[in-house]
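The values are calculated or read from the model by the stated rules, or taken from the named source; none is laboratory data. Just so we're clear, the structure is a prediction, and the values are computed from it rather than from any experiment. Cβ placement follows ideal geometry from the backbone for every residue including glycine, while neighbour counts extend to all protein chains displayed. When the accessible area is computed, the model is the full protein with side chains, heavy atoms only, and any ligands, DNA or RNA have been set aside. Shrake-Rupley method; radii C 1.70, N 1.55, O 1.52, S 1.80 Å.
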Amino acid sequence: MNNENILKIAKESISIEISELENLKNRLDENFLKAVEIINSAKGKLIIVGIGKSAHVGNKIVATLNSTGTPSQFLHASEAIHGDLGVIQKTDVVLCISNSGNSPEIVNLAPFLKDYSSALIAMTGNPNSKLAEFSDIVLNTHVEKEACPIKLAPTSSTTVQMALGDALAVCLMELNDFQQKDFAKFHPGGSLGKNLTAKVEQFLSSQKPLVSEDAEIREIIISISGSTHGITVVTNGEEITGVITDGDLRRMLMSERDLTKLSAKDIMSQNPKSIEKDRLAKEAMSILKEKNIGQLIVTENGKYFGIIDIHRLLDEGIN
């Protein structure tokens, strides 16, 4: 099989799944609205039940819901009938995922899921299944064909289940006015969490280069050389008046012959960019990128507090 044929198969697979997603979109009705309403008004959590490939889909939906403000828990169907049914409380809503709706584990479990919860919602590709029969609401995930070439492996069906789960999560987010600040509370770790919550002061350099406006060239060179940032901040008392970079020094040395009369005030760049220490680190990164600079002055109530470096932010995953 050549590369052209491989690409043709891949595109056909994706086309089939797109077609099934279009069918799902056109099939959304009052049952979906009722499911959203029941989940949103539940006094307990949402329990998602599944087995086989539907179990993997269920775990992903649970993860999405938990991270977007809808408390959820996954319950494996085979474990449920061996003691784990105890996790379900009468205030909980159960969403049971099964493509056929007739697998033995699901059929045996469905009556208990209904009895132990406040409502049972079925997500099934067979609206006439035993699962659908026991359920209060049926979300139809029927597909005409799987993307798999032998039409057996769950492909289109699991894609449709996943998309419907995402649709539920997104609608619940909107109903609960779930915002970025809320999302940040559930994602404190990793690059995503840092970009949502990390403050500038967390990434301050341990160095704080500084000279006064009347500092002479030797003092300026020592200050810049004493830090790894190639920059020093110029102040007049507590007021920040400028910055001098190693590039400024090189340009000055190339253009000036008499250095004895020069001071920091003569060679500094005025009105340097700065940011308050309690701002988000991603805001600092935005300024650094926009101005194409490597360092940013950090202030506290407008006074010089330190330096933040673009390389430190990049290393920490701030973008």
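Normalised by the number of residues in the chain, the mean separation of alpha-carbon contacts (under 8 Å, six or more apart) gives a relative contact order of 14 percent.
Counted over the chain, the DSSP beta bridges are approximately 40% antiparallel. Within straight-line reach of K151, meaning a Cα separation under 15 Å, sit the following aspartates and glutamates at least 8 residues removed in sequence or on another chain: E12, E17, E20. Annotation: per residue accessible area for the chain equals 54 Å², rounded to a whole number [probe 1.4 Å, protein chains only]. Distance between the modelled labels on S225 and N102, one decimal in nanometres: 8.5 nm (7 Å Cα→Cβ projection).
Could you sort out which of K261/K303; K208/K265; K60/K289; K90/K145; K34/K181; K11/K114 sit more than 30 Å apart by Cα distance in this structure?
Checking Cα-Cα distances, K60/K289; K90/K145; K11/K114 exceed 30 Å.
Simple point charges give the picture: +1 on the Cβ of Lys and Arg, -1 on the Cβ of Asp and Glu, and for region 122-246 a dipole about the Cα centre of about 720 debye. Cross-link reach is defined here as a Cα-Cα straight distance under 16 Å, omitting same-chain residues fewer than 8 places apart; for K43 the aspartates and glutamates meeting it are D92.
Where both bridge residues fall in region 226-319, DSSP classifies roughly 80% of the beta bridges as antiparallel.
Using the rule -39500 (n - 2.57) for each DSSP H run of four or more residues, divided by the residues of the chain, the 222 nm mean residue ellipticity is -14000 deg cm²/dmol. For the residues I106, I293, a 1.4 Å probe over the protein chains yields an accessible-area ranking, largest first, of I293, I106. Return the label of the correct value of volume of the Cα convex hull per residue in Å³, as calculated from the structure shown, out of [x] 205; [y] 165; [z] 143. Read-out from the structure maps to [x].
Once backbone amide H atoms are built at 1.01 Å from N, E276 has T299 as its partners under 5 Å, excluding neighbours fewer than 5 places away on the same chain. These residues, H311, H76, H82, go from largest to smallest accessible area, 1.4 Å probe, as H82, H311, H76. Counting only Cβ charges, +1 for Lys and Arg and -1 for Asp and Glu, the dipole size of region 182-319 around its Cα centre is about 380 debye.
Our note on the geometry: Cα centres of region 71-117 and region 218-259, 69 Å apart. Shape call for region 23-135 from the C-alpha gyration tensor, a ≥ b ≥ c root eigenvalues: rounded (a/c under 1.5), prolate (a/b greater than b/c) or oblate? Rounded.
Accessible area of Y304 (1.4 Å probe, protein heavy atoms only, ligands and nucleic acids ignored): about 30 Å².
Projecting the Cα atoms of V234, N23, N301 onto the dipole axis of the chain, where Lys and Arg carry +1 and Asp and Glu carry -1 at the beta carbon, places N23 farthest toward the positive end.
For M123, the solvent-accessible surface computed with a 1.4 Å probe is close to 0 Å², ligands and nucleic acids excluded. Scalar couplings 3J(HN,Hα) for region 84-101, obtained by applying the Karplus form with A = 6.51, B = -1.76, C = 1.60 to θ = phi - 60°, are 7, 4, x, 6, 7, 10, 5, 7, 7, 10, 10, 10, 9, 9, 7, 4, 7, x Hz; x denotes Gly and Pro.
For the chain, with all protein chains in place and a probe radius of 1.4 Å, 51% of the accessible heavy-atom surface sits on carbon or sulfur. Considering only GluC sites (Glu not before Pro) in DSSP loops that have at most 15 other Cβ atoms within 10 Å, the longest stretch of the chain without any of them is 1-143. Here the label points at K43 and L314, each 7 Å from Cα along the C-beta direction, are separated by 5.6 nm in the simple model.
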